[in-house]
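These notes are about the structure you will find just below.
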């Protein structure tokens, strides 16, 4: 007779550690939303004093929404008892949403900064070599953070999940579907922000580029 599967009971501190990361991420996103209008570039809109950084704004507000969803999912995973063990699959869902939110925070922070550094380097040609090194270093570090957050993080969460295989497969499929939707939104924001420059890629190509987004920064 097959042995009955033990119920999942994850220590509440595991969930609290993730909520701490999400809270820190919300603070970063809130700061960047307030400061992004000061950066160069963006889309000039009649009637507005500052340019709109549509790609970065969409990424930051998406990061904020995903962070709030992550907080809810993590909180819902805990039992109302004297111990507070996490017993529901929403713990893993919250973990995945946390990573996805972090990836969008990286986008909202470093994509406009990359453009600003390019503008700054063009104005000091005497330091072009040094600026090229700094620019490349920023892209490599930020790109590594993005790839780890959007791919390695969710994969690790699913691999370490103590929940049944069917649950993890369903969560993985849901994550891929959500990722594709967000890539579609990101591609649309790129098309709108670059509509005055012409030569925008097709929407399908734009979605595929969003899967390796740091290469277009």
(message) Please pick out the residue among 80, 110, 120 that is in a loop (DSSP other than H, G, I, E, B) and at pLDDT below 90.
(response) 80
(request) Within the stretch 164-177, identify whether any single residue is touching a helix residue (DSSP H, G or I) at 6+ places or on another chain (Cβ under 7 Å), more than 18 Å from residue 74 (Cβ to Cβ) and modelled with pLDDT of 95 or more, and answer yes or no. (result) yes
(message) residue 149 - would you say it is at pLDDT 95 or above, within 21 Å of the chain's Cα centre (by Cα) and exposed (fewer than 14 other Cβ atoms within 10 Å of the Cβ)?
(response) no
(request) May I ask you to verify whether residue 55 is modelled with pLDDT of 80 or more and either in a loop (DSSP other than H, G, I, E, B) or surrounded by 14 or more Cβ atoms within 10 Å (Cβ to Cβ) (or both)? (result) yes
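Would you confirm whether any residue within the stretch 180-192 is in contact with a strand residue (DSSP E or B) (Cβ under 7 Å, 6 or more places away or on another chain), under 19 Å from residue 98 (Cα atoms) and surrounded by fewer than 18 Cβ atoms within 10 Å (Cβ to Cβ)? Break it down into steps so the answer makes sense when it comes.
Quick first cut of the stretch 180-192, residues in contact with a strand residue (DSSP E or B) (Cβ under 7 Å, 6 or more places away or on another chain) only: none.
Scanning the stretch 180-192 turns up no residue that is in contact with a strand residue (DSSP E or B) (Cβ under 7 Å, 6 or more places away or on another chain), under 19 Å from residue 98 (Cα atoms) and surrounded by fewer than 18 Cβ atoms within 10 Å (Cβ to Cβ).
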(message) Test of understanding: among 66, 91, which residue is in contact with a strand residue (DSSP E or B) (Cβ under 7 Å, 6 or more places away or on another chain), modelled with pLDDT of 95 or more and within 22 Å of residue 159 (Cα to Cα)?
(response) 91
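With closer than 23 Å to residue 214 by Cβ, in contact (Cβ under 8 Å) with a residue 60 or more places away in the chain and out of contact with any strand residue (DSSP E or B) (no Cβ under 6 Å at 6 or more places or on another chain) as the only criterion, which of 130, 137, 111 stands out? Spell out the reasoning first.
Numbers: 130 fails: in contact (Cβ under 8 Å) with a residue 60 or more places away in the chain; 137 fails: in contact (Cβ under 8 Å) with a residue 60 or more places away in the chain.
Just a single option satisfies the conditions, and that option is 111.
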(request) Among what's in the stretch 181-217 and is within 22 Å of residue 144 (Cα to Cα) and part of a loop (DSSP other than H, G, I, E, B), pick the residue that is modelled with the lowest pLDDT. (result) 217
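The values are calculated or read from the model by the stated rules, or taken from the named source; none is laboratory data. For clarity, every value in this text was computed on a predicted model and none was experimentally measured. For neighbour counting, all protein chains shown are included, and Cβ atoms are generated from backbone atoms with ideal geometry for every residue, glycine included.
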